[in-house]
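The structure appears below as structure tokens.
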């Protein structure tokens, strides 16, 4: 059995990678993918604790999280698609129309 | 008690109503409402006679009639006696005056119907004379000083309007203005007297004041009658306020008769007679105001000679009569003053008082009213015929105007004081009383001398007037004719009264009983008087005859040429002085031109330079303060407001920079915030865990 710490470390590493991707990358698709990594990091946490504690509700929550992540990816891609159609780019530092 | 005493109100209200009706719609009536005015006046006369007869029947002759007050309208209510009201006093004097005034007004109004027939503005004339009659009737029937003053001023207004009736003539307009301004001097004094009386007694009613006069301090007891006399001097044209009356002749002759003969100038005498409650306080132990009495008698005595001397040289028929009026009024004041002095002396000695002077003065007032109205109306009749006032262009008119010349002769005889015409009785009595007063104060001997010289001058100028007008050859260019019957009828009635009014004293058991002051007194003229008085009466008659004789020899037979008096240097100077009216009018005019106008100029300068300067300085100062305030407002107040808003804008601009619209920068903030939050929550435990805390 894999010790909990390893799992948590992996999860933390994934989270950091995702976070880095969100904060540092300019491409909207990459940011979307980083968000997926971030979500999976937290889902991994759910699963790890669930197997550690023997409580299955964590796994249920993980499934719910995946579903939400899929939906979120679909919405995010649709948003970016329409941004691309109107602005011709999905470079996030060029997408500034949320400004005043 | 008089039955139906309320009718006395109608005496006043009838002419007042006529004034309103004629004043508003008089032009629609025949003769400009003249008949209406005459009718109203006739009503007043009838009612006055009713009241007068009632007073006499109820013991008025013996003084048994208790004065009655018919209350009317209370103007300012207060405790009884202190209220200000309009009420009518009926006593011997006022009932007699009511009859006298309404009778003379009626005759003059009737005469006016013919005299004013061809004039423009008849409605205005009749309205004004009717209001004038109201004023005069109100004056003589007032029961308090304020009411008296009000009606007195109504008269003053009407005299102004009537003297200026021909207002398009500059002389008439000037004369009206002069009359108004000169009498105003006296009216102000009268007003001051009324205010003092109110202040002292808290009442203006004669009957309330009279018993309290003894409580007054001596200075005020002297001052009040002097101020009242000041009013009388203005109204009755006594020296030094006499100048308005000769100029007042610019009005229609009927107005001259109304103002001078019948009524207005007599108001001053009436007022002085009413102020006897101050002059002769009948309360024991009160020192009468001898100074005030001497001033009244002195001014009266001086004026009588002063005015008569000017009448001697005047050539204007009406002006001669005007000066004569001033002179005769002087007699009345002399009589009142001398009578008051005798009474006051007797009262202070505790003797029985004799009201001889009081009744003599009012007797003269009564007689003079008739003969002077007659003289003025006759003069009017003459002027009507020859269209001039100048006696040098008359002469010989007795042929063309027999009635006028005869009635005027009656008037002149009465004025001169020839027995049995009315002037003889009253003038003789006044002179006798003045002579008697000389025993108490020697100054009255001097005043008697003035009086007797005046009697001579009066007879002289009266007959100078008559001879120049009616004797000799006609010197003018008109075609004189006798006046119509409606004019001569009042003249004949008045001529009758010049005979009757003097003799009326006999059936009345002495005129003193008719006016009654102090106590009943039966004294028939020329009956039962001391032998010295016969001498005095004889002297008065003698100088009058002498005066007529002199006038006869100068102006009728021309045995003494008139030029003889003006050829010598002294005579020429005297003549010049008299024709220039002692230069008093000139002095007054100069006073007006130089002092009053100079004062006005000075005040104008003061106004422009000092007052306006102060006002402008204040304005400039205000502007300077406003500028400063404006700067403060702009810099400080607006500055603060702008600074706040500007800083808000600047801050918001800076904050706006933080909102980049870049989602990733927001995410950075969130992450950093989370990390900070995390360390705040768990930092301590982490430090303990990994560094091994205490």
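Residue B:650 falls short of the stated requirement of being within 14 Å of another protein chain (Cβ to nearest Cβ) and over 60 Å from the mean Cα position of the chain (by Cα).
If the requirement is being surrounded by fewer than 23 Cβ atoms within 10 Å (Cβ to Cβ), out of contact with any strand residue (DSSP E or B) (no Cβ under 8 Å at 6 or more places or on another chain) and closer than 21 Å to residue B:22 by Cβ, which of these qualifies: B:149, B:104, B:113? Every option except B:113 fails the conditions.
Those helices (runs of 4 or more DSSP H) of region B:566-618 in which at least 1 residues are over 25 Å from the mean Cα position of the chain (by Cα) and surrounded by 10 or more Cβ atoms within 10 Å (Cβ to Cβ), considering only elements entirely within it, cover B:569-579, B:597-605.
Considered as a group, the residues in region A:71-80 that are without any contact (Cβ under 8 Å) to a residue 40 or more places away in the chain and surrounded by 12 or more Cβ atoms within 10 Å (Cβ to Cβ) include one that is farthest from the other protein chains (Cβ to nearest Cβ), and that residue is A:72. Examine region B:361-371 for a residue that is surrounded by 24 or more Cβ atoms within 10 Å (Cβ to Cβ), more than 27 Å from the chain's Cα centre (by Cα) and part of a helix (DSSP H, G or I), and state whether such a residue exists. So far as region B:361-371 goes, no, none of its residues is surrounded by 24 or more Cβ atoms within 10 Å (Cβ to Cβ), more than 27 Å from the chain's Cα centre (by Cα) and part of a helix (DSSP H, G or I). Please go through region B:309-359 and give me each residue that is farther than 30 Å from residue B:562 by Cβ, part of a loop (DSSP other than H, G, I, E, B) and in contact (Cβ under 8 Å) with a residue 40 or more places away in the chain, ordered by number. Result: B:350, B:352, B:353, B:354, B:355. Is there a residue in region B:231-242 that is over 17 Å from residue B:336 (Cα atoms) and touching a residue at least 60 places away in the same chain (Cβ under 8 Å)? Yes, the conditions are met somewhere in region B:231-242. Take the conditions (1) within 14 Å of chain A (Cβ to nearest Cβ); (2) in a helix (DSSP H, G or I); (3) modelled with pLDDT under 80; residue B:660 misses just one of them, which is (2). Checking region A:45-62 against the condition returns no match, with no residue being surrounded by 13 or more Cβ atoms within 10 Å (Cβ to Cβ), at negative phi and within 14 Å of chain B (Cβ to nearest Cβ).
When B:518, B:528, B:512 are checked against the criterion of being under 30 Å from residue B:66 (Cα atoms), at pLDDT below 65 and either assigned to a helix (DSSP H, G or I) or within 35 Å of the chain's Cα centre (by Cα) (or both), B:518 stands alone in meeting it.
Residue B:299 satisfies every condition listed in (1) surrounded by 21 or more Cβ atoms within 10 Å (Cβ to Cβ); (2) at pLDDT below 90; (3) under 26 Å from residue B:436 (Cβ atoms) except (2).
So that you can scan it fast, the table gives a plain yes or no per residue for (1) within 14 Å of chain B (Cβ to nearest Cβ); (2) farther than 15 Å from residue B:663 by Cα; (3) surrounded by 13 or more Cβ atoms within 10 Å (Cβ to Cβ):
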site	(1), (2), (3)
A:6	no, yes, no
A:15	yes, yes, yes
A:18	yes, yes, yes
A:27	yes, no, yes
A:83	yes, no, yes
A:88	no, yes, no
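In summary, residue B:655 fulfils each of the numbered conditions (1) surrounded by 10 or more Cβ atoms within 10 Å (Cβ to Cβ); (2) part of a helix (DSSP H, G or I) with the single exception of condition (1). Selection over region B:670-694 of residues that are more than 10 Å from chain A (Cβ to nearest Cβ) and in contact with a helix residue (DSSP H, G or I) (Cβ under 9 Å, 6 or more places away or on another chain) gives a count of 4.
The values are calculated or read from the model by the stated rules, or taken from the named source; none is laboratory data. Everything numeric in this text was worked out from a predicted model, so none of it was measured. All Cβ positions, even for glycine, are placed from backbone atoms using ideal geometry, and neighbour counts span all protein chains on display.
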